[in-house]
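Engineer: Sharing a structure below in structure tokens format, with a few things to ask.
The values are calculated or read from the model by the stated rules, or taken from the named source; none is laboratory data. Because the structure is a prediction, the values reported are computed rather than measured. Ideal geometry is used to build each Cβ from the backbone, glycine not excepted, and the neighbour counts take in all protein chains shown. Keep in mind that these areas ignore ligands, DNA and RNA; they rest on the heavy atoms of the full protein, side chains included. Shrake-Rupley method; radii C 1.70, N 1.55, O 1.52, S 1.80 Å.
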Amino acid sequence: MKTLLQINTSMLETDSQSSQLSDKMAENLLSRFAGMRHIKRELSKDPIPHLEHSLFQCFYDPNAAVTPAQQAALALSDTLVSELKEADFIVLGAPMYNLMIPSTLKSWIDYVTRAGQTFQFTETGPVGLLEGKKCYVAITQGGSFLGTAHDLATAYLKSALGLMGITDIEFIYAKGLAMGPQAAEAGLSKANQKIAELA
Ligand SMILES: Cc1cc2nc3c(=O)[nH]c(=O)nc-3n(C[C@H](O)[C@H](O)[C@H](O)COP(=O)(O)O)c2cc1C
């Protein structure tokens, strides 16, 4: 049985454009693979705490997890890593916030990027351990930053996911959403067209 891991990250929850695009992409995949397991996380409702040293050290030494906070952080990281390892498909909804991804998504990345679990250090540098996964990322922008030096979210996600071996990534962009009704409609229409093509 295939597994789909979907992660929405906008603080707007159901009114969110990135979540709606991510939901559409997930629905497409679910309709293509009957019986596919669907793990869905809404990080605005169920946020992942920021990393602190006392929590992070437990990711590498489980014996260091002595306080309830440390044990909870380790358990959460183990769960998130398992979900990611089990996923055949990953769908992310990511609005651009201040030229970057939401900090909730960064926290998720911090909890799943674990040496020995999702990547490993070698003499030639880090090597990803999660190959063979297909990832779709719906990015929404109020402005229009694609192809410019300000499109940091695309570059960052390619690097951060690539570090874990997730290199087969399709980006679905809806740009210009705060640039007037026509630009917003055009941006969403292009994103929906891309989702239809990917289906
Ligand atoms: C806190 C905040 C910061 C934002 N920063 C940017 C930005 O740097 N560039 C941009 O193009 N849009 C920016 N926007 C606009 C959002 O990217 C846009 O509204 C997008 O549709 C939000 O996606 P969502 O509907 O999934 O929440 C920002 C919005 C918020 C709320």
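Engineer: With +1 assigned to the C-beta of every Lys and Arg and -1 to the C-beta of every Asp and Glu, and no other charges, what is the dipole magnitude of the range 34-183 about the Cα centre in debye, to the nearest 20?
Structural biologist: Taking the Cα centre of the range 34-183 as origin, the dipole is about 360 debye.
Engineer: To continue, here is another question. Please compute the length gained on full extension between Ala69 and Glu83, using 0.36 nm multiplied by the number of residues separating them and subtracting their Cα-Cα distance.
Structural biologist: Values: separation 14, 0.36 × 14 = 5.04 nm, distance 2.11 nm.
Additional length available on full extension: 2.9 nm.
Engineer: Hey, quick one: spin label on Ala178, modelled 7 Å out along Cα-Cβ, who in the range 1-41 has an amide N within reach, i.e. under 17 Å?
Structural biologist: Correct set: 10-13, 15-19.
Engineer: Right, next: Put a dot 7 Å past each Cα toward the Cβ at Thr124 and Met11; how far apart are the dots in nm?
Structural biologist: Placing both labels 7 Å along Cα→Cβ, they lie 4.4 nm apart.
Engineer: Still on this model: Using Cα pairs under 8 angstrom and six or more residues apart, how large is the relative contact order of the range 61-175, in percent?
Structural biologist: 29
Engineer: Related question: Note down the magnitude of the dipole of the range 15-70 about its Cα centre, charges +1 on Lys and Arg C-beta and -1 on Asp and Glu C-beta and zero elsewhere, to the nearest 20 debye.
Structural biologist: Roughly 300 debye for the range 15-70.
Engineer: Enter the accessible area of Val127 (Å², nearest 10), with the probe set to 1.4 Å and all protein chains included.
Structural biologist: 60
Engineer: Putting +1 on Lys and Arg Cβ atoms and -1 on Asp and Glu Cβ atoms, find which of Ile90, Asn8, Pro181 reaches farthest to the positive end of the dipole of the range 3-198.
Structural biologist: The listed residue farthest towards the positive side: Pro181.
Engineer: Now for a different question. To the nearest 500 deg cm²/dmol, what mean residue ellipticity at 222 nm is calculated for the chain from DSSP H runs of n ≥ 4 alone, each contributing -39,500 (n - 2.57), summed and divided by the residues?
Structural biologist: -13500 deg cm²/dmol
Engineer: Same structure again: Show the residues, 5+ positions off or on another chain, whose built amide H is closer than 5 Å to the amide H of Ile90.
Structural biologist: When sequence neighbours closer than 5 places are left aside, the close amide H contacts are Leu5, Lys134, Cys135, Tyr136.
Engineer: Next question. Would you mind checking the tilt of helix 17-32 against the longest principal axis of the Cα atoms of the chain, expressed as 0 to 90 degrees and rounded to 10?
Structural biologist: Between helix and principal axis, roughly 80 degrees.
Engineer: From largest to smallest, what semi-axes in whole angstrom does the chain give when each is the square root of 5 times an eigenvalue of its alpha carbon gyration tensor?
Structural biologist: 29, 19, 17
Engineer: May I pose another question? Calculate how many DSSP beta bridges within the chain are antiparallel, expressed in % of all such bridges and rounded to the nearest 5.
Structural biologist: 15
Engineer: With a 1.4 Å probe and every protein chain left in place, tell me how much accessible area Lys194 has, in Å² to the nearest 10.
Structural biologist: Approximately 60 Å² for this residue.
Engineer: With each pseudo-label sitting 7 Å past Cα toward Cβ, what's the Leu198-Gln57 distance in nm, one decimal?
Structural biologist: The two pseudo-label positions are separated by 4.1 nm.
Engineer: Given the whole protein assembly as supplied and a 1.4 Å probe, what does the accessible area of Lys158 come to in Å², nearest 10?
Structural biologist: Its heavy atoms expose roughly 120 Å² to the probe.
Engineer: Something else: With an 8 Å cut-off on Cα pairs and a minimum separation of 6 or more residues, tell me the relative contact order of the range 3-198 in percent.
Structural biologist: It rounds to 21 percent for the range 3-198.
Engineer: Using Cα pairs closer than 8 Å and at least 6 residues apart in sequence, work out the relative contact order for the range 97-156, in percent.
Structural biologist: 36
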